[in-house]
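Report on one structure; see the data block that follows.
The values are calculated or read from the model by the stated rules, or taken from the named source; none is laboratory data. Being a predicted model, the structure only gives us computed values, none of them experimental. A quick note on method: Cβ atoms are made from the backbone with ideal geometry, for glycine too, and the neighbour counts reach across all protein chains shown.
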Amino acid sequence: MNDTKITSTPTPVPTVVRGDSTAGIRRTREATRAFTDNLVPAADPAMADTLVLVVSELVTNALRHGGGGYALELSAGPETVTAAVTDRNPAPPRERAPDLNGGTGGFGWHMVRHLTSHLTITPGPGPGPGKTIHAQLPRWADS
């Protein structure tokens, strides 16, 4: 009988998901949930829910305002988890008043800013235009 144990590390290999249509948003949320479910030690359940929401907003915004495609990279350190979403538009996200009556949005960027502990926007990557939004959350509620 084989007594080999399979263990995960607190810093798993990053997960990358690419998409170019709204059909990929569900797959992106599922990949984010699987990523948080496989963290050892386990991540705070509330953080996992928050990360799924942040990722959903960022990839939706990338599709709507970022040139129609995205790449998501999920990574974890001992104290944090990070979602990095790259799109083709070099312009930074724009804060705007939420549309409470017409259904045209305006909630996502404000929500992302409020829910993350650290948020940065960097140019690129690559030779062409674009940007990457790095959204970081504490791995546990008391971090």
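Scanning region 1-54 for residues that are at pLDDT 90 or above and touching a Pro at 6+ places or on another chain (Cβ under 6 Å) returns no hits. Against the test of being in contact (Cβ under 8 Å) with a residue 12 or more places away in the chain and loosely packed, with under 14 Cβ neighbours inside 10 Å, the options R94, R88 yield a single qualifying residue, R94.
Taking region 49-77 as the range and being within 19 Å of S117 (Cα to Cα) and either over 11 Å from the mean Cα position of the chain (by Cα) or exposed (fewer than 15 other Cβ atoms within 10 Å of the Cβ) (or both) as the test, the residues that pass are D49, A76, G77. For T120, the requirement of being more than 19 Å from V16 (Cα to Cα), of a type in the set (V, I, T) and either outside any helix (DSSP H, G or I) or in contact with a His (Cβ under 8 Å, 6 or more places away or on another chain) (or both) is not met.
Here is a yes/no grid of residues against (1) polar (S, T, N, Q); (2) in contact with a strand residue (DSSP E or B) (Cβ under 8 Å, 6 or more places away or on another chain):
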position	(1), (2)
V54	no, yes
L63	no, yes
G69	no, yes
E73	no, yes
G77	no, no
T80	yes, yes
T86	yes, yes
N89	yes, yes
R96	no, no
